Amino acid sequence: MALLTVLHYPDKKLRNIAAPVSEFNDDLHTIVKDMFETMYAEKGVGLASIQVGIQQRIVVIDISEEKNAPLCLINPEIVYEEGFQYEEEGCLSVPEFWDRVERVEKIKVRAFDQKGKPLELEAEGLLSICIQHEIDHLNGILFVDHMSRLKQERFNKKILKLQKAEVKA
Ligand code: NI
């Protein structure tokens with residue numbers, strides 16, 4: 001197992017679009033294991049392959065307090081949406097920034113597990129937000145892209161400031 005490096009905004013690789021997984025082999029299992037290890041180490045509730053520079057459609061999630069409910073979604077697709085919610089989000093690729101984003105409330109998702117078995121699940125609340133957030137990553141989209149232009153300007157100012165502070169330090 002190995003910890004992977006999480007890419008940070010504005011890394012251009014975060015804008016790549018991931019291709020579907022076609023082989024459910026040992027290489028895939030290693031990537032999934034490493035992604036879980038990285039997500040837990042970084043104290044995140046979700047991680048998408050694009051965030052660690054892997055351009056395949058792989059998502060790992062664990063929203064449980066005890067960190068004992070790992071969920072791996074390969075080639076996930078939202079097939080049903082209902083309602084809206086507006087909650088605060090953060091992202092391992094956008095450190096030190098949180099803001100509210102509009103999302104669908106209830107979703108139905110089709111995906112494969114890491115062995116290639118098809119699965120379907122319904123989600124609402126935090127799990128639903130998390131799945132939508134991670135699928136966005138697979139399409140090169142960040143949660144800050146969903147914010148109003150005003151909020152995005154505020155965000156960019158904050159990021160610039162942080163980056164200047166890093167250069168000084
Ligand atoms: Ni994220």
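Laboratory data are not the source of any read-out in this text; all were calculated from the coordinates shown. None of the values given here were measured: they were computed from a predicted structure. Positions of Cβ are backbone-derived with ideal geometry, glycine not excepted, and every protein chain shown enters the neighbour counts.
Based only on other Cβ atoms within 10 Å, what is the fewest-to-most ordering of Leu3, Leu138? It would help to have the intermediate numbers written out before the result.
Numbers: Leu3 12, Leu138 24.
With the sparsest Cβ surroundings first, the list reads Leu3, Leu138.
Taking the DSSP beta bridges with both ends in region 12-168, the antiparallel portion is around 95 percent. Each label was represented as a point 7 Å from its Cα along the Cα-to-Cβ direction; for Lys161 and Asp113 these points are 4.7 nm apart.
Over all directions, how big on average is the projection of the convex hull of the alpha-carbon atoms in region 64-109, in square nanometres? Please list the in-between numbers first.
Details: hull surface 18.1 nm².
Approximately 4.5 nm², given one-decimal rounding.
For region 12-168, the extents of the C-alpha atoms along the principal axes are 47, 37, 31 Å, listed from largest to smallest. Cross-link pairs exceeding 22 Å in C-alpha to C-alpha distance, out of Lys12/Lys115; Lys33/Lys115; Lys12/Lys67, comprise Lys12/Lys115; Lys12/Lys67.
Would you mind estimating how fast region 4-82 diffuses translationally, via Stokes-Einstein at 25 °C and 0.890 mPa s with the Kirkwood radius over Cα pairs, in µm²/s? Numbers along the way, then the final one.
On the way: Rh = 13.3 Å.
Answer, rounded: 185 µm²/s.
Applying 1/(1 + (r/R0)^6) with r as the Cβ-Cβ distance of Leu121 and Tyr40 and R0 = 22 angstrom yields a FRET efficiency of 0.55. For Lys108, the lysines whose Cα comes closer than 19 Å to its Cα, not counting residues fewer than 8 places off in the same chain, are Lys117.
Nearest 500 deg cm²/dmol is fine: what mean residue ellipticity at 222 nm does the chain get from its DSSP H runs of n ≥ 4 alone, each adding -39,500 (n - 2.57), divided by its residue count? So the helix-based figure for the chain works out to -10000 deg cm²/dmol. Shown is the FRET efficiency for Tyr86 and Leu3, computed with R0 = 45 Å from the Cβ-Cβ distance and rounded to the nearest 0.05: 0.85. Taking the C-alpha atoms only, the angle from helix 26-41 to the longest principal axis of the chain is near 40 degrees. The long axis of helix 125-138 is offset from the longest Cα principal axis of the chain by roughly 80 degrees.
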